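One structure is given here, and the rest of the page talks about it.
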Amino acid sequence: MNRIDRRFAELDAQGRVALVPYVTAGHPHPDFSVDILHAAVEAGADLVELGMPFSDVMADGPVIQNACARALEHGTGLDHVLDMVRSFRQKDEQTPLILMGYLNPIERRGAERFAADAAEAGVDAILVVDCPADEADELKRLLASKGLHQIFLVAPTTTESRLDHAARLAGGFVYYVSIKGVTGAASLDVTSLAPMVEKVRDRTRLPVAVGFGIRGPEQAAAVAQTADAVVIGSALVDRLDSCDSKEAAVKEVRDYLAPVREAMDNVASSRMKKAAV
Amino acid sequence: MAKTASTLDFSPALPDRSGHFGIFGGRFVSETLMPALEELDQAWRRYLADADFMAEFDRDLAHFVGRPSPLYLAENLTRQVGGAQIILKREDLNHTGAHKINNTVGQGLLARAMGKKRVIAETGAGQHGVASATVAARLGMECVVYMGAEDVRRQSINVFRMKLLGAEVVAVEAGSRTLKDALNEAMRDWTTNVDDTFYILGTVAGPHPYPAMVRDFNAVVGREARAQMIEQYGRLPKALVACVGGGSNAIGLFHPFIEDRDVDMYGVEAAGRGLSGEEHAASLCAGRVGVLHGSRTYLLDDEAGQIRHTHSVSAGLDYPGVGPEHAWLKDSGRAQYVGITDEEAMKAFHALTRSEGIMPALETAHAIAYGMKLAAELPSDELVLINLSGRGDKDINTVAEVEGITF
């Protein structure tokens with residue numbers, strides 16, 4: 001069983017909402033990345049998302065653009081990213097790990113080889129931002145043959161027929177983009193979120209994660225009212241940007257995520273009570 | 001009224017419904033944009049078949065752009081080269097000075113028909129930015145143009161023109177600070193403002209329907225040229241020559257000739273400081289197949305799949321990808337793609353300026369350079385048609401800088 005499916009089954013049984021932090025591999029320094037991942041898990045992350053740096057991150061805002069540029073300056077390529085995953089897996093066999101990135105570096109390696117390498121390293125799913133369901137048949141097949149899920153984005157603009165298509169191909173969870181915009185934009189409207197998440201839920205039995213533009217305990221808690229998973233990316237990456245040592249980065253991750261975790265758990269317990277009534 | 005040929009033959013076989021030219025093209029963008037691309041695709045198909053819309057497009061091409069543009073026999077240059085006769089399709093005489101206006105007039109009308117109040121554009125040399133700002137001014141729309149900071153520096157005249165036209169010019173500091181980064185930023189803007197904004201993409205690259213739509217709006221160049229060749233010379237040329245960055249002027253010229261199998265087609269890429277090194281922008285000559293800016297095409301990347309920084313003396317060719325239809329024409333063998341260095345382009349710039357009194361854009365100078373080489377190898381009864389895609393006024397600062405002249 002894929003670690004993601006197992007993890008969401010556990011969370012469901014516990015009535016908890018998943019916290020999914022995103023960090024860019026190699027940012028702020030490649031030597032910090034594995035410890036950053038472990039720190040995230042210790043601070044309460046249920047799944048972790050690791051960004052594969054790319055030179056032209058068309059769907060990302062300034063924070064992740066900068067993180068990718070810095071990671072690339074340190075020479076963080078796909079081989080390094082997979083090494084980080086292997087290293088992470090030496091101490092953590094349980095936490096699901098998702099690689100997020102763009103198609104060209106994957107195609108340059110060859111999608112088939114990429115799928116095999118990622119599975120061998122201990123990756124559980126891939127999210128390719130510039131590979132919508134329409135173009136995904138081949139990649140989806142190759143990933144599935146190695147037991148990897150492909151995560152698809154669903155946006156506020158997504159039509160019902162597109163939603164059906166993505167839901168058919170999706171594995172692991174469906175990732176609802178909470179805003180019309182790039183990652184890290186600050187215009188999340190929590191109140192309009194619930195009906196959209198319900199619309200997605202009507203069409204898939206997979207858990208629904210929400211991300212893009214969520215920052216801080218308060219927003220995370222608000223999103224946790226409706227979502228099965230809350231993705232925190234740019235807000236965390238932004239804080240890591242100024243860390244000049246492994247220790248500082250680890251501390252920053254803990255300090256940022258621990259209160260988020262706590263706020264989300266309070267919501268989850270109230271959701272449980274509601275469900276019980 | 002001069003008759004333009006834009007309503008003829010607008011239904012080519014490719015791309016297919018999902019926007020593919022063989023393995024090339026497609027729609028590789030974030031989900032947020034996919035519905036907008038579907039909406040645009042539907043609107044484009046609908047209005048191409050709408051007689052009133054196309055009549056207005058034709059009227060604007062005739063009276064606002066100044067079409068048809070003439071064919072000009074470059075007798076002095078021909079004599080100097082000593083080979084085939086060199087004929088120029090004078091897109092430099094269009095309003096705003098390049099072929100780019102054909103497409104922006106079309107997309108501007110489409111934006112209005114779709115009820116959009118705000119247009120955005122990316123630009124390299126600034127010609128597309130100026131053409132977009134021009135159309136936005138006329139249609140009373142807000143216009144934001146994204147331009148790499150390096151290009152803002154080397155194309156300062158065009159930046160000022162855009163501002164005079166009322167556009168906001170945003171200098172993009174990311175990455176290589178050139179056209180590819182401007183395109184990324186325009187896509188981000190569109191992703192954020194997708195409800196009220198129309199993205200006027202300037203070349204035959206990007207996600208479907210842009211490669212096909214921009215081609216269709218520019219194909220007036222080739223249709224006119226084909227008719228003019230028959231009318232003025234009684235035959236089609238031996239070869240077509242056009243420069244290729246993203247490839248819009250080349251596709252505009254080539255497309256109506258695709259079925260004319262005896263007409264050779266040459267796309268001229270920027271070989272910069274030479275194809276053996278990395279300082280060039282020749283994705284078809286020296287690149288490989290990958291995915292960039294929403295389509296599968298030839299591109300320049302490193303072993304890890306990161307997009308490479310490119311170099312060309314001409315900002316408009318300084319781009320690491322190319323339109324997917326060119327990738328298709330290359331692989332199918334229908335068109336040949338060649339490289340011209342900065343130095344060769346500069347020589348051709350001067351040669352045309354001094355022999356004919358026509359100052360070409362530095363992008364266009366690449367086509368002139370290859371056209372001269374080609375003509376030299378052909379007998380004098382052959383005809384070579386070069387797309388003179390833009391005028392060179394915008395480039396005088398660059399030419400001076402390259403040649404160490406200060407004003």
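The values are calculated or read from the model by the stated rules, or taken from the named source; none is laboratory data. Because the structure is a prediction, the values reported are computed rather than measured. All Cβ positions, even for glycine, are placed from backbone atoms using ideal geometry, and neighbour counts span all protein chains on display. Accessible surface areas use protein heavy atoms only, side chains included; no ligands, DNA or RNA. Shrake-Rupley method; radii C 1.70, N 1.55, O 1.52, S 1.80 Å.
Structure above, values below:
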| item | result |
| --- | --- |
| Residues of chain A: accessible area per residue with a 1.4 Å probe, Å² | 38 |
| Accessible surface of the protein assembly as shown [probe 1.4 Å, protein heavy atoms]: carbon and sulfur percent | 49 |
| Accessible area buried at the B-A interface, both sides summed, 1.4 Å probe (Å², nearest 100) | 2800 |
| Computed over the protein assembly as shown, Kirkwood Rh from alpha-carbon pairs, angstrom | 26.0 |
| Residue with peak Gaussian network fluctuation, chain A [Cα springs, cutoff 10 Å], from A:F152, A:F32, A:F212 | A:F32 |
| 25 °C / 0.890 mPa s Stokes-Einstein diffusion coefficient of chain A, Kirkwood radius on C-alpha pairs, µm²/s | 133 |
| Within 10 Å of each Cβ in B:181-187, the average number of Cβ atoms from other chains | 3 |
| Residue among B:I23, B:I86, B:I251 with the largest mean-square fluctuation in a Gaussian network model of chain B, springs linking Cα atoms under 10 Å | B:I23 |
| Residues losing 10 Å² or more accessible surface upon assembly, region B:19-44, compared with the chain by itself, 1.4 Å | B:H20, B:R27, B:F28, B:V29, B:S30, B:E31, B:T32, B:M34, B:P35, B:E38 |
| DSSP beta bridge pairing in region A:3-276, given as percent antiparallel to the nearest 5 | 0 |
| Using a Förster distance of 35 Å, the FRET efficiency for A:R141-B:R138 (Cβ separation, nearest 0.05) | 0.10 |
| Radius ratio Rg over Rh of region B:116-185, counting only Cα atoms, Kirkwood formula for Rh | 0.96 |
| Prolate/oblate/rounded label for chain B (Cα gyration tensor, a/c 1.5) | rounded |
| Mean accessible surface per residue for chain B, computed with a 1.4 Å probe while every protein chain stays in place, in Å² | 33 |
| Cα-centre dipole for chain B with unit charges at Cβ (Lys and Arg positive, Asp and Glu negative), debye to 20 | 620 |
| Label-to-label distance, nm, for residues given as B:K163 and B:I230 (7 Å Cα→Cβ offset) | 4.9 |
| Fluctuation leader among B:A13, B:A131, B:A365 - chain B, Gaussian network, Cα springs under 10 angstrom | B:A13 |
| Relative contact order [Cα under 8 Å, 6+ residues apart], chain A, whole percent | 23 |
| Whole-percent pair-distance distribution, where bins are 5 Å wide, for the alpha carbons of region B:263-333 | 4, 18, 29, 24, 18, 6, 1, 0 |
| Residues of region A:94-122 buried by at least 40 Å² on assembly (accessible area, 1.4 Å probe, chain alone as reference) | A:N104, A:E107, A:R108 |
| Dimensionless Rg/Rh of region B:1-123 - Kirkwood Rh, Rg from C-alpha atoms | 1.06 |
| Other protein chain Cβ atoms within 10 Å, averaged over every residue that makes up B:190-198 | 3 |
| Cα-derived Rg over Rh, computed across region A:1-44 with Rh taken as Kirkwood radius | 1.09 |
| For region B:256-407: rounded, prolate or oblate by the Cα gyration tensor [a/c cutoff 1.5] | oblate |
| Interface residues, region A:149-166 - accessible area loss of 20 Å² or more versus chain alone, probe 1.4 Å | A:L153, A:A155, A:T157, A:R162 |
| For region A:39-193, diffusion coefficient by Stokes-Einstein and Kirkwood Rh (Cα), 37 °C, 0.692 mPa s, µm²/s | 200 |
| Averaged over B:296-305, number of beta-carbon atoms from partner chains that fall within 10 Å | 5 |
